[in-house]
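Quick one: the structure is below, and I'll ask about it shortly.
The values are calculated or read from the model by the stated rules, or taken from the named source; none is laboratory data. The structure displayed is predicted, hence computed values, not measured ones. Here Cβ is always computed from backbone atoms with ideal geometry, including for glycine, and neighbour counts include all displayed protein chains. Please note that ligands, DNA and RNA were not included when accessible areas were found on the heavy atoms of the full protein model with its side chains. Shrake-Rupley method; radii C 1.70, N 1.55, O 1.52, S 1.80 Å.
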Amino acid sequence: MVMATKSASTETKSAPPLNGSNHEVELPDILISDPHLEPVWEKVMAGERLSAEDGVKILETEDFSAVGLMADYAKRKVSGEKVYFVLNRHLNPTNICVLACKFCDYAKKPGEEDAYEMTMDQMLDHLDGDIKELHVVGGHHPTWPFEFYVDMIRELHNARPDVQIKAFTASEIDYFWRRWKVPPEESLAIFKEAGLSSMPGGGAEVFSDRIHKLLLPGKAKADRWLEIHRIAHGMGIKSNCTILYGHVETFRERIDHLILLRELQDETNGFLALIPLEYQVGYTMLRPRHTPPMDDVKMIAASRLILDNVMAIKAYWVMLGEATAGMGLNFGANDLDGTIGKERIAHAALADSPAGLARKSMIASIKDAGRLPVERDALYNEIAVHN
Ligand code: V47
């Protein structure tokens with residue numbers, strides 16, 4: 001059953017405390033040159049919820065330093081000087097996909113040049129070194145049976161029970177229903193029993209019927225994406241959430257998307273992190289150029305300030321590049337994601353970031369931003385603080 005989502009509300013109410021982590025933070029003295037930001041800062045100082053209109057003002061302003069300081073204040077209240085990272089690998093088992101999303105360079109049709117399907121041994125090879133998290137996301141394959149995915153999770157888990165498996169976007173879980181008639185409650189229970197630990201946040205794109213019609217016909221819509229995460233959270237499966245920005249969406253559509261995520265988080269408290277995904281222009285070229293770095297960091301700041309109930313906001317270096325991601329750590333982000341290994345989705349769209357980073361590069365980037373690197377697992381349990 002598809003459940004109706006509430007429309008993005010603009011009401012003002014207080015932000016809820018975040019999982020017991022409320023750091024004492026001195027109020028910064030912010031010199032605001034854009035008068036539109038003054039009421040926004042008043043609300044942030046008072047711990048009041050921002051409205052959709054406030055969010056749009058943050059994206060529109062040219063007063064970068066004020067926005068950065070506001071978001072940094074909100075971030076430090078949540079996690080102090082800490083910036084998290086995880087030793088992880090991305091596993092993309094196949095790029096063969098029945099969908100044809102207009103922003104995606106990764107998906108291929110069967111038999112097309114560069115289409116691939118990994119063997120189980122190739123998948124198991126991703127479990128190398130001292131990784132703590134395996135991120136598994138792939139195409140919506142036309143013929144791989146549901147049982148193959150269950151075996152995949154079981155074998156990966158049995159090979160390395162110490163590695164937490166974060167697998168399958170809501171869009172893939174929806175596809176298992178559409179293709180194999182396995183409802184989300186059932187597929188998630190089976191995957192959990194086989195060793196799945198949490199879910200990634202992909203497939204959300206932008207929660208807007210206009211964008212859905214334009215860019216992702218046939219893919220799970222907003223209501224369904226949110227419903228599947230609601231089900232997962234109800235079963236004790238934590239998840240992440242994303243927004244894909246920097247293509248044909250409006251600022252208001254971005255903020256409405258964040259507010260729908262905030263509403264679900266109020267209900268379930270099941271989201272661990274938001275990852276704002278910067279559109280990689282690649283060959284799809286919905287826009288001629290990447291989002292400029294200053295707009296990327298404003299998007300991070302807006303995410304932090306609107307999503308007052310989600311602990312981690314990631315500066316995803318794979319899509320932003322290391323330099324912009326480093327700046328993001330001063331605009332409200334408190335997570336650099338992971339070491340990744342061989343990532344294929346952004347790199348198919350010509351991302352020019354390196355294929356993977358080592359633990360020492362993650363630590364160096366976080367220290368360069370003046371922050372405290374904290375190594376975590378997939379569920380944000382702290383493993384080591386690197387002073
Ligand atoms: O769902 C596809 C996006 C997502 C492009 O949960 C593109 O921790 C930009 O969701 N430009 C997959 N984005 C990546 C993802 C993710 C990444 C890192 C961490 C987590 C997490 C999740 O990539 C897809 C889609 O939204 N995508 N094509 C593109 N050209």
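Just 289, 344, 224 to compare: in a GNM of the chain, with alpha carbon springs under 10 Å, which one fluctuates most?
For the chain, modelled as a Gaussian network with Cα springs under 10 Å, the answer is 289.
If the limit is 28 Å between Cα atoms, which of 109/219; 102/360; 108/166; 181/238; 192/314; 132/298 go over it?
102/360; 132/298
While we're looking at this one, here's another question. What does the accessible area per residue of the chain come to in Å², with a 1.4 Å probe and no ligands, DNA or RNA counted? Numbers along the way, then the final one.
Values: 15200 Å² over 387 residues.
Accessible area per residue, the chain: 39 Å².
For a quick check: with amide H placed at 1.01 Å from N, whose amide H comes under 5 Å from residue 244's, ignoring anything fewer than 5 positions away on the same chain?
Placed amide hydrogens put 205, 206, 277 under 5 Å from residue 244.
Name the residue from 118, 355, 294 whose Cα lies farthest towards the positive end of the charge dipole of the chain, charges +1 on Cβ of Lys and Arg and -1 on Cβ of Asp and Glu.
118
Quick check on the chain: helices-only [θ] at 222 nm, where DSSP H runs of length 4 and up contribute -39,500 (n - 2.57) each and the sum goes over total residues. Nearest 500, please.
Numbers: 15 runs with 152 residues, N = 387.
That comes out to -11500 deg cm²/dmol.
For region 264-307, evaluate the Debye formula with one uniform point scatterer on each Cα (no solvent term) and list log10 I(q)/I(0) at q = 0.13, 0.14 Å⁻¹, rounded to two decimals.
-0.42, -0.47
Compute the normalised compactness of the chain: alpha-carbon radius of gyration over 2.2 N^0.38 Å, N being the residue count. Walk me through the numbers before you get to the answer.
Numbers: Rg = 19.8 Å, N = 387, 2.2 N^0.38 = 21.2 Å.
In units of the 2.2 N^0.38 Å rule of thumb, it is 0.93.
If you don't mind, there's one more thing I want to ask. With a 1.4 Å probe and every protein chain kept in, tell me what percent of the accessible surface of region 230-336 is carbon plus sulfur.
On the way: 1690 of 2840 Å².
Carbon and sulfur: 60 percent of the exposed surface of region 230-336.
Follow-up question, since we're still on this one. By how many degrees, between 0 and 90 and to the nearest 10, does the Cα long axis of helix 64-79 differ from the longest principal axis of the chain?
Between the helix axis and the principal axis of the chain, the angle is about 70 degrees.
Let me ask something else. If one computes the Cα centroid of region 339-386 and of region 25-98, what distance in Å separates the two points?
Taking the Cα centre of region 25-98 as reference, the centre of region 339-386 is 20 Å away.
Considering the chain as a Gaussian network with a 10 Å cut-off on Cα pairs, which listed residue, 75, 298, 57, attains the greatest mean-square fluctuation?
57
Let me ask you something else. State the extension gain, in nm to one decimal, for the chain segment bounded by residue 42 and residue 24, taking 0.36 nm per residue of separation less the distance between their alpha-carbons.
Length difference between fully extended and current span is 4.7 nm.
Contour minus end-to-end for residue 113 and residue 31, with contour as 0.36 nm per residue of separation and end-to-end as the Cα-Cα distance?
Values: separation 82, 0.36 × 82 = 29.52 nm, distance 5.49 nm.
Net length gain for the segment: 24.0 nm.
Given R₀ = 51 Å, FRET efficiency for residue 81-residue 252 by Cβ-Cβ distance, to 0.05? Spell out each step's value before the answer.
On the way: r = 33 Å, r/R0 = 0.65.
That pair, residue 81 with residue 252, gives E of 0.95.
Let me ask you something else. Nearest-5 percent of antiparallel DSSP beta bridges in the chain?
Numbers: 5 of 35 bridges.
Rounded to the nearest five, the antiparallel share is 15 percent.
For the pair residue 381 and residue 179, how long in nm is the line joining their label points, each one 7 Å along Cα→Cβ?
3.3 nm
On to the next question. Using a Förster distance of 41 Å, how high is the FRET efficiency between residue 143 and residue 323, based on the Cβ-Cβ distance and rounded to 0.05?
With a Förster radius of 41 Å, E is 0.45.
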